[in-house]
Amino acid sequence: MSKPEQFYQSSIGKKWIVALTGLVLVAYVLGHLAGNLQIFLPDKGEKINAYGAFLHSLGPLLWAVRAFLLACLVIHIVTTIQLAIENRRARPDRYEGVRYKKASWAGRSMVMSGLIVLCFVIFHILHFTTLTIDPRFQTMKETLPNGTERHNVYEMVVTGFQNPAASCFYIVGMILLCMHLSHGFGSLVQTLGLNSTRLAPWLVNGGRLLAVIICLGYIAIPIAVMIGILHL
């Protein structure tokens, strides 16, 4: 067995893989949030439409990045499931009740929340990326002064979130992501050996605060649509 295989087979190796893929995904979530929040700028969608056009102009590179991120997400979830199975096998049955009471709900549901978030990501891609769920999005375009066309992302987002079911699913997905991240930051601190008595509380609490900010930033968009702040 090669050294990379030995590393992956070990518990600490799996934890490092979960931690590193998690960091990659958090970086993407933050960058994506920064782009999405441009919808609140007072230009009726000009900046977010330009942002969407820029991403679209990347062509194959954009899909390569998406494939890499999706691979990180799948590896993250699969490795987390493997760790959960290993931990359950190694846990004595007589301590099951005690450990269950001590564990937080977020910690106990890491695998389930991760799978639900994966379903949400797939839904989000089909909704706003491939434009499969709502075919109307394919015709939502605007013509620029130079004669070129680009997708009207502003119109797509507002129209998409006018659907209460889509908005509610999006909000629930973001709340679960927040819970997943808040627990994940604690595990990350331990995995990377940053659990000193002085540093660890700052990192863990800072991670939880970041998870809440991410959640509020994302759910602000569907809520703003539903209450009429963002409208066509």
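The values are calculated or read from the model by the stated rules, or taken from the named source; none is laboratory data. Just so you know, these numbers come straight off a predicted model, no measurement behind them. Glycine gets a Cβ as well: all are built from the backbone with ideal geometry, and neighbour counts include every protein chain shown. The area values use the complete protein model at the heavy-atom level, side chains included, leaving out ligands, DNA and RNA. Shrake-Rupley method; radii C 1.70, N 1.55, O 1.52, S 1.80 Å.
In this view, the solvent-accessible surface of His32, computed with a 1.4 Å probe and all protein chains in place, comes to about 40 Å². Computed over the chain, the per-residue total of -39500 (n - 2.57) for DSSP H runs of n ≥ 4 gives a 222 nm mean residue ellipticity of -24000 deg cm²/dmol, rounded to 500.
Sequence gap of 8 or more, or different chains, plus Cα separation below 25 Å: how many lysine pairs satisfy both in the chain? List each step's numbers first, then the result.
On the way: Lys3/Lys14; Lys3/Lys15; Lys14/Lys102; Lys15/Lys101; Lys15/Lys102; Lys44/Lys141; Lys47/Lys141.
Lysine pairs, 8 or more places apart or on different chains, close enough: 7.
When Rg and Dmax are taken over the Cα atoms of the chain, they come to 20.3, 72 Å. Sorting 169-178, 61-70 by average packing, meaning the other beta carbons within 10 Å per residue, from highest down gives 169-178, 61-70. With a Förster radius of 45 Å, plug the Cβ-Cβ distance of Glu86 and Thr143 into 1/(1 + (r/R0)^6) and report the FRET value to the nearest 0.05. Efficiency, rounded to the nearest 0.05: 0.20.
Unpaired Cys in the chain, meaning no second Cys C-beta under 4.7 Å: Cys72, Cys119, Cys168. For the chain, the carbon plus sulfur part of the accessible surface works out to 68%, probe radius 1.4 Å. Ranking Pro201, Thr132, Pro164 by Cα position along the charge dipole of region 103-232, where only Lys, Arg, Asp and Glu carry charges on their C-beta atoms, puts Pro201 farthest toward the positive end. Span-like helix criteria (full DSSP H runs; alpha carbon extent of at least 30 Å along the helix axis; mean Kyte-Doolittle hydropathy of at least 1.0) are satisfied in the chain by 11-36, 60-90, 164-191, 199-226.
Note the direction-averaged projected area, equal to a quarter of the hull surface, for the Cα convex hull of region 167-232, in nm².
Details: hull surface 19.6 nm².
Value for region 167-232: 4.9 nm².
In terms of the ratio Rg/(2.2 N^0.38 Å) built on C-alpha atoms, what value belongs to region 116-232?
Details: Rg = 18.5 Å, N = 117, 2.2 N^0.38 = 13.4 Å.
The reported ratio for this selection is 1.38.
Put simply, the amide H of Leu230, placed in the peptide plane, has neighbours under 5 Å in Val225, leaving out anything fewer than 5 places away on its chain. Relative to the Cα centre, the charge distribution of the chain, modelled as +1 at Lys and Arg Cβ and -1 at Asp and Glu Cβ, gives a dipole magnitude of about 1020 debye.
Would you mind calculating the gained length between Ile229 and Leu209 on full extension (0.36 nm times residue separation, minus the Cα-Cα distance), in nm to one decimal?
Stretched fully, the Ile229-Leu209 segment lengthens by 4.6 nm.
For region 130-136, 3J(HN,Hα) computed residue by residue from phi via the Karplus equation (6.51, -1.76, 1.60; θ = phi - 60°) reads 8, 6, 8, 5, 10, x, 4 Hz, glycine and proline entered as x. Under 5 Å from the amide H of Arg150 lie the amide H atoms of Glu142, Leu144, each residue being 5 or more positions distant or on a separate chain, with H modelled from the backbone and absent for Pro and chain starts.
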